[in-house]
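Student: Sending over a structure as structure tokens; questions will come in a sec.
The values are calculated or read from the model by the stated rules, or taken from the named source; none is laboratory data. Quick caveat, the model's predicted, so the values are computed rather than measured. Counting neighbours? That spans all protein chains shown, and the Cβs are built from the backbone with ideal geometry, glycine included. Each accessible area value is taken on the protein alone, full model and side chains, heavy atoms only, with ligands, DNA and RNA left out. Shrake-Rupley method; radii C 1.70, N 1.55, O 1.52, S 1.80 Å.
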Amino acid sequence: MNALEKDQDAEFLRTLSLLYVEDEEEVRRELTRFLSRRFAKVDVAANGQEGLELFRQHGGYDIVVTDVRMPVMDGLSMAAAIKDIQREVPVIVITAYNEMDYFVRAIEIGIDRYITKPVDPFLLMEAVSRSAKMHFHQREIERAREETTEALNQVVAVLARAIEVRDPYTDGHQKRVSQLAGAIAERMGLPAAQVAGIRVGASIHDIGKIQVPAEFLSMPRRPSPDEFALIKAHVEAGYEILGDATFPWPIAQMVRQHHERLDGSGYPQGLKGDEISLEARIIAVADVVEAMSSDRPYRAALGLEAAKEEIRQHRGTLYDGAAVDACLAVLESNPERYVGTAA
Ligand SMILES: [Fe+2]
Ligand SMILES: [Fe+2]
């Protein structure tokens, strides 16, 4: 580290708050004096219990430095309790070589670094600096990821609204399909990331309707076969609109396949069974239930009971069995949340 880096390092440390826990008075006094000159704030405790209380009162610290063997509550028990409150706070443990049997427990708790006794204050500073930097770096990555996800959600919401402005009869349809499909996926025990993808895909599943002439979308009568063919084209249109956009999930495929049916009777490709992605099979169930439960320009709502009957009757032939079961279970508990004109 050159002189400039050292200065920057010292400056960085001076912005941090630190909790220091040590039962031996003399060591504590000496190290506290050393640390206080180098950190924005140093709070000191004489055992784990006191340290934990300080941590709670203070609402966390940027870094925790603790001895292991202490009366009342030892350093590792305190670290475990602190990590329960705030998983990511870096904890540095000061230990003697003969305390290495604590090692396994320390790993389980997620201790960040070790310093051996007797403490070399400058080595301790280096350890603190490294841990704190890593922690801040991780926090920045996390924040950037959250911002990106939020931006993505906003764009998707704008897209969804754009479709629904043209097609007032499906106002709220995609949002409700998204909520129901997400709940089904959760119920099926799918991983959180996959559930998130299904929510996004479902919330724009009818995006291709933007290419269907508006008059076809709001006809007060059942569409003719020719007109219906045009409406059906919304799936390929949606697939093309999404094109090469790189989402972290297979969104274009969900959009393209949401009208496919297990027995091959769906469209546009007439895919069968597992050829249809799981995401699309889930969205298909949510879509049918929401559509049947809501008013359409050419008919009043058929009602939730009719929708449930539809998926029950065609469970395993048109609709994915597991998705149907999960959907029925979800609707059992809270139908109003997921469907429009529920009856
Ligand atoms: Fe659709
Ligand atoms: Fe739909």
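Student: Based on DSSP loop calls and a cut-off of at most 12 other Cβ atoms within 10 Å, the longest stretch of the chain free of exposed trypsin sites (Lys or Arg not before Pro) is what?
Tutor: In the chain, the maximal stretch lacking such sites is 88-220.
Student: Using a ≥ b ≥ c from the Cα gyration tensor of the stretch 162-337 (square roots of the eigenvalues), is it rounded, prolate or oblate, where a/c under 1.5 gives rounded and otherwise the larger of a/b and b/c decides, a/b for prolate?
Tutor: rounded
Student: Multiplying the sequence separation of D171 and A192 by 0.36 nm and subtracting their Cα-Cα distance, what value in nm do you get?
Tutor: My answer for the length gained is 4.9 nm.
Student: Taking H as built 1.01 Å from N, whose amide H comes closer than 5 Å to the amide H of N47, not counting residues under 5 places away?
Tutor: Correct list: E22.
Student: Right, another one. Expressed as a whole number of Å, what is the distance separating the alpha-carbon centroids of the stretch 77-129 and the stretch 181-200?
Tutor: Taking the Cα centre of the stretch 77-129 as reference, the centre of the stretch 181-200 is 38 Å away.
Student: Give, in nm to one decimal, the length gained when the segment between F216 and A3 is fully stretched (0.36 nm per residue of separation minus the Cα-Cα distance).
Tutor: 69.5 nm
Student: Stokes-Einstein D for the stretch 228-300 at 37 °C, 0.692 mPa s, Kirkwood Rh over Cα pairs, in µm²/s?
Tutor: For the chosen part, D equals 253 µm²/s.
Student: Now a separate question. Rounded to the nearest angstrom and ordered from largest down, what semi-axes does the equivalent ellipsoid of the chain get from its C-alpha gyration tensor (root of 5λ)?
Tutor: So the equivalent ellipsoid measures 60, 21, 17 Å along its semi-axes.
Student: Here's another thing I want to ask about it. In terms of modelled amide H atoms, which long-range or inter-chain residues lie less than 5 Å from the amide H of K117?
Tutor: Placed amide hydrogens put T95, A96, Y97 under 5 Å from K117.
Student: Give me Rg/Rg_expected for the stretch 186-226, where Rg uses Cα atoms only and Rg_expected = 2.2 N^0.38 Å with N residues.
Tutor: Here the Cα radius of gyration is 1.77 times the empirical estimate.
Student: Probe radius 1.4 Å, ligands and nucleic acids ignored: give me the carbon and sulfur share of the accessible area of the chain as a rounded percent.
Tutor: Carbon plus sulfur share of accessible area: 52 percent.
Student: I would also like to ask the following. Just to confirm the filter: which GluC sites (Glu not before Pro) across the stretch 58-157 are DSSP coil and have at most 14 other Cβ within 10 angstrom of their Cβ?
Tutor: E88
Student: In whole angstrom, note down how far apart the Cα centers of the stretch 1-18 and the stretch 283-312 are.
Tutor: Each part reduced to its Cα centre gives a spacing of 63 Å.
Student: Size of the dipole of the stretch 3-139 about the Cα centre, Lys and Arg at +1 and Asp and Glu at -1 on the beta carbon, nothing else charged, in debye to 20?
Tutor: The dipole of the stretch 3-139 has a size of about 400 debye.
Student: I need to check one value: relative contact order of the chain, counting alpha carbon pairs closer than 8 Å and at least 6 residues apart, in percent.
Tutor: So the answer I get is 11 percent.
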